[in-house]
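The values are calculated or read from the model by the stated rules, or taken from the named source; none is laboratory data. Please read these numbers as outputs of a predicted model, since none were measured by experiment. When we count neighbours, we look across all protein chains shown, and the Cβ atoms used for this are built from the backbone with ideal geometry, even at glycine. The protein model used for the area step is the full one, side chains on, heavy atoms only, and it has no ligands, DNA or RNA in it. Shrake-Rupley method; radii C 1.70, N 1.55, O 1.52, S 1.80 Å.
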Amino acid sequence: MLKRDMDAVENAVAYDYSNGFVEGTNSRLKMIKRTMYGRCRKQLLEAKLRYVGYYRNG
């Protein structure tokens with residue numbers, strides 16, 4: 001299994017870049033979508049996402 005993913009392992013060791021920020025953002029958005037499933041329409045979901053983003057950043 002490790003031999004098959006050798007390129008990915010080498011890149012992880014060689015570079016300081018990480019996709020942790022993107023994965024965290026995706027997880028947060030998915031959690032919000034799960035909690036609001038069946039409770040709202042698109043406009044309310046969009047407003048909630050904007051509010052949470054504003055609250056976290058501002």
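Observations on the model:
- Considered as a group, the residues in the stretch 27-37 that are open to solvent by less than 80 Å² (accessible area, probe 1.4 Å) and at pLDDT below 80 include one that is nearest to the chain's Cα centre (by Cα), and that residue is I32.
- Identity of the residue in the stretch 6-26, surrounded by 10 or more Cβ atoms within 10 Å (Cβ to Cβ) and under 20 Å from the mean Cα position of the chain (by Cα), that ends up modelled with the highest pLDDT: E23
- Residue tally, condition at pLDDT below 75 and part of a loop (DSSP other than H, G, I, E, B), over the stretch 38-58: 4
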